[in-house]
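Below is one structure, written out as structure tokens; comments come after it.
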Amino acid sequence: MGPLKLAGLCQIAENRIVGAPCGVMDQVTSCWGEAGKLLRMTCQPHELHPPLPVPAGMRFVGINSNVRHSVAGPAYGRTRCAAFMAHRMILDKMREIGGAAGRRLVADPLRGYLANLDPDDYKRIFRPGLPEQITGREFLTAHGQTIDHCTAVDPDERYAVRGAADHHVLEARRVRNFAGYLEEAAATQDPRKRGGALDRAGHLMYASHQSYTMDAQLGAPECDLLVQLARKHEPAGIYGAKITGGGCGGTVAILCETSARVDAATVEIMVEYEKQTGHKPELFEGSSPGAWHVGTALVGG
């Protein structure tokens, strides 16, 4: 059994046994991650790409808001379902366009993933036809069920279809650009070009956080506060911050320099956060290889 097979089985256990409609990102990272690098993959369902080295002198740290979140919770499942509803509506629109032009659409050009839709085509052709809100019953009557095996459309639920689609389509482009800026920063010795690339990468993290909060509707006020506090300390060497994982709490990731100034700023962020929220945050720093590299141990009781 290889690492991707193992990660895929872990995802199946979460989907079918735990009832969490999660993807496979966490499982692959935990299994196959490399120290000092970002794991890069296309979750269709799990295609690995060369890892992305963190530029010299830079690091990612995480601040746990200590607001509990769960991908098995209703918010995550509702947003995931809304994204698949958008996929079905866009595919129906493609069939309508193809039929009008005398071209019958046989296969799904998106291969089941909104991330494969060109953002400009999405905004120009498909987004205007997506409802901001729709009940499950209205959707089922017009379109039937989605292709998702982890969620089912609830007739009595309301779904924010357009926002979910906005996040999925546009986040895919943000991620690709983010990786490009980190590669640019790692490849240049010119401080001005390096700083510009890191600034752009950081701003994409802020944009991603905003989209996850407003479009995907998976934010948390406490994570918003951590991001705001990180932005206030940008002069110390912080470039960007965003909510991670399933949202609705959890950890905020920060792109920053490896320096004593940033260490001091991080302490100030955590102190101010606890003062304002009453939650005691935790700092995650450093990185390590995944379980596939280091092996496993069975510990007897």
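For region 238-265, taking the residues that are more than 22 Å from residue 279 (Cα to Cα) and more than 24 Å from the chain's Cα centre (by Cα), the one that is least open to solvent (accessible area, probe 1.4 Å) is identified as 259. For the structure I just gave you, tell me whether residue 164 is under 20 Å from residue 123 (Cβ atoms) and either within 14 Å of the chain's Cα centre (by Cα) or assigned to a helix (DSSP H, G or I) (or both). Yes.
Which residues, counting only those in region 9-29, are more than 16 Å from residue 179 (Cβ to Cβ), surrounded by fewer than 16 Cβ atoms within 10 Å (Cβ to Cβ) and not hydrophobic (A, V, I, L, M, F, W, C)? Selection gives 16, 19.
Rundown of residues vs (1) more than 22 Å from residue 251 (Cα to Cα); (2) polar (S, T, N, Q); (3) more than 16 Å from the chain's Cα centre (by Cα), yes/no style:
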{"position": "8", "(1), (2), (3)": "yes, no, yes"}
{"position": "34", "(1), (2), (3)": "no, no, yes"}
{"position": "60", "(1), (2), (3)": "no, no, no"}
{"position": "69", "(1), (2), (3)": "no, no, no"}
{"position": "79", "(1), (2), (3)": "no, yes, no"}
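Looking at the structure I just gave you, is residue 104 open to solvent by 40 Å² or more (accessible area, probe 1.4 Å), touching an Asp or Glu at 6+ places or on another chain (Cβ under 8 Å) and either within 22 Å of residue 242 (Cβ to Cβ) or without any contact (Cβ under 8 Å) to a residue 12 or more places away in the chain (or both)? Here the answer is no, as residue 104 does not meet what is asked.
Name every residue in region 226-252 that is touching a residue at least 60 places away in the same chain (Cβ under 8 Å) and farther than 18 Å from residue 59 by Cα, in order of residue number. 245, 246, 247, 248, 249, 250 - these are the residues of region 226-252 that are touching a residue at least 60 places away in the same chain (Cβ under 8 Å) and farther than 18 Å from residue 59 by Cα. Screening residue 51 on (1) of a type outside the set (A, V, I, L, M, F, W, C); (2) surrounded by fewer than 19 Cβ atoms within 10 Å (Cβ to Cβ); (3) touching a residue at least 60 places away in the same chain (Cβ under 8 Å) shows it passes everything except condition (3).
Quick check: is even one residue across region 256-271 under 30 Å from residue 114 (Cα atoms) and either small (Gly, Ala, Ser) or not in a helix (DSSP H, G or I) (or both)? Looking for residues that are under 30 Å from residue 114 (Cα atoms) and either small (Gly, Ala, Ser) or not in a helix (DSSP H, G or I) (or both), one finds none in region 256-271, hence no. Screening the candidates 226, 204 for the property of being in a helix (DSSP H, G or I), among the hydrophobic types (A, V, I, L, M, F, W, C), within 25 Å of residue 37 (Cα to Cα) and open to solvent by 20 Å² or more (accessible area, probe 1.4 Å) yields one hit, 204. Residue count for region 155-169, restricted to those that are open to solvent by 40 Å² or more (accessible area, probe 1.4 Å) and under 19 Å from residue 246 (Cβ atoms): 2. Among the residues of region 290-301, just one is surrounded by 14 or more Cβ atoms within 10 Å (Cβ to Cβ) and not in a helix (DSSP H, G or I), namely 290.
Taken over region 183-197, the criterion of being surrounded by fewer than 23 Cβ atoms within 10 Å (Cβ to Cβ), outside any loop (DSSP other than H, G, I, E, B) and out of contact with any Ser or Thr (no Cβ under 6 Å at 6 or more places or on another chain) is satisfied by 183, 184, 186, 187, 191, 192, 193, 195, 196, 197.
The values are calculated or read from the model by the stated rules, or taken from the named source; none is laboratory data. None of these values were measured; they are calculated from a predicted model. Backbone-built Cβ (ideal geometry, glycine too); neighbour counts: all protein chains shown. SASA here: full protein model, heavy atoms, side chains in, ligands and nucleic acids out. Shrake-Rupley method; radii C 1.70, N 1.55, O 1.52, S 1.80 Å.
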